[in-house]
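Note sheet for the following structure.
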Amino acid sequence: SVLVNRVNHRVGEIELLAKDLASDFESIVDVNMYLTPADSQAFEAHWDYMESVVLQVYGSKVWSLYKGGVPLSRFDQKYKPRDDEIGELLMPRVLLRPGDIMYLPSGVMHEATTTTTAVRDSDGDDNHHDSVPSPSATSSMSLHLTVGIEVPSVCTYTGLLHRLIDTAAVAEWMNDEQEEDAKDGPPPPFVSTRVRKDLLH
């Protein structure tokens, strides 16, 4: 497959789309382009830390969504799961055709292919997709855009918890008599980490 990251920095129309979405969601928005040959797959099963919207532009693609991801995943939780960590299907496989749009929440494990015959089943075996059209309808080159929406961490419950812990860490540092001489400058980088561990344990 051919992957073009941040295609919104290269194509004017896509740049406008990204800017409009960034303004609406008050988030960082980037768009990646995927061109996948027939009977192929760009990536194995994985999850993304950002919210994603898939726009099918040309051809078609079969998407499989699995149990076993990390809900509300953060950037530092990026991880390629082993075969035995991939759960059952969340829902019947989805065939996207030109003009179709699909929302992928952060942390949902997924994979996509341009064929109906070589996609992982929930038990790890290959299988045919009874719920999608015949292979001749889907085994073609595919072009899709993935709009990645990076929601600010402070807008999530997880981000709020981290912010509260960081705030408590700074307050602890400010009240620590042993660090009196250092209070004229910003808190040292290790203070937040040290106090965070104390609070969590």
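What to note about this one:
- With R₀ set to 25 Å, the beta-carbon distance separating L89 from S1 gives a calculated FRET efficiency near 0.65.
- If the chain linking S23 and R82 were pulled fully straight, counting 0.36 nm for each residue of separation and taking away their Cα-Cα distance, it would gain 17.5 nm.
- Alpha-carbon centroid distance for the pair segment 65-101 / segment 1-23, whole angstrom: 23 Å
- Calculated FRET efficiency, L161 to Y58, Cβ-Cβ distance, R0 = 35 Å: about 0.25 to the nearest 0.05.
- For E150 and A171, the difference between the fully extended length at 0.36 nm per residue and the C-alpha to C-alpha distance is 4.7 nm.
Read-outs: derived from the displayed coordinates by stated rules, not from any lab. Bear in mind that the values here come from a model prediction, so they are computed numbers and not experimental data. No Cβ is skipped: glycine too gets one built from the backbone with ideal geometry, and neighbour counts run over all protein chains shown.
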